Amino acid sequence: MLMQILDYVGVAVFAVSGCIAASRKGLDITALIFFGVLTGIGGGTLRDLILGVPVFWVVSSSYLAVCLAISVIVWFTADSIEKLGKPLRWADAIGIAAYSVMGAGKAVQLGHSPLVAVLMGISTATFGGVLRDMVANEPSAIIKQEIYVSAAAVGASFYVTLYMVGVDPWFAAGIAGAFALGARGGAILYGWSLPGYGAPKTIVRWHGKKPHDSDKPDDDTTRS
């Protein structure tokens, strides 16, 4: 039940991010739906193919229905959603939190090693966004300096660790998801990043962005 809930949450919020990206491109409703579906199911599809299990949206078309419903809603409400402040990036942040835990959880339940589980969490949480940016012909969020992949790694690692020591799965998912969301949220609000190659070897860099900066609409369609 927990993994299924996280799957639906991940699909829904990533579908939102895909639709927002399409709306910023001024695409028609068919293309917007395509972006919503592609982004919503992309990470989970890669996860299931690698794990060698039936692809989740083929087993249950309800996931596709969620993407379609989200796409129609965003088509009519995109302008209002934009007023919330950086909606694409926050949708990605929530998706990373849900899918990093879900991907890792599915792998450990199938009996895979902790390292494989963490990798599945990272892949599930980031691949949908990579597909979105690639199809939109925009630089991927992965190559930006802000914490993105690292947030997924934090969520997946925390969940696997807590699961292995016998913590209740629901509690472990909540803690791990909160840390992942916090890491990505810090990047959105304050510009947190890890040092790049050749940079001073500090642990985390803070670019001095102010919290109220997040209230401004994000004009960069690729920033997520």
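Kindly indicate whether Ser224 is among the hydroxyl-bearing types (Ser, Thr, Tyr), at pLDDT below 95 and surrounded by 22 or more Cβ atoms within 10 Å (Cβ to Cβ).
Numbers: among the hydroxyl-bearing types (Ser, Thr, Tyr): yes; at pLDDT below 95: yes; surrounded by 22 or more Cβ atoms within 10 Å (Cβ to Cβ): yes.
Answer is yes for this residue.
Could you check Val135 against (1) closer than 21 Å to Val37 by Cα; (2) buried (at least 22 other Cβ atoms within 10 Å of the Cβ); (3) in contact (Cβ under 8 Å) with a residue 60 or more places away in the chain and say which number it fails?
(2) is the only condition that Val135 fails.
Take the residues of the stretch 143-188 that are in contact (Cβ under 8 Å) with a residue 24 or more places away in the chain and outside any helix (DSSP H, G or I): which is nearest to Gly105 (Cα to Cα)?
Tyr148
If you take the residues in the stretch 1-22 that are surrounded by fewer than 22 Cβ atoms within 10 Å (Cβ to Cβ) and in contact (Cβ under 8 Å) with a residue 24 or more places away in the chain, which one is farthest from Phe127 (Cα to Cα)? It would help to see each step written out before you state the result.
Of the residues in the stretch 1-22, the ones surrounded by fewer than 22 Cβ atoms within 10 Å (Cβ to Cβ) are 1-5, 8-9, 12.
Adding the requirement that they be in contact (Cβ under 8 Å) with a residue 24 or more places away in the chain leaves 2-3, 8-9, 12.
Working: Leu2: 21, Met3: 18, Tyr8: 16, Val9: 16, Ala12: 15 Å.
My answer is Leu2.
How many of the residues in the stretch 76-92 are over 11 Å from Ala21 (Cβ atoms) and free of Cβ contacts under 8 Å to residues at least 60 places away in the same chain?
Total satisfying the criteria: 5.
The values are calculated or read from the model by the stated rules, or taken from the named source; none is laboratory data. These numbers come from a predicted model, not from an experiment. Here Cβ is always computed from backbone atoms with ideal geometry, including for glycine, and neighbour counts include all displayed protein chains.
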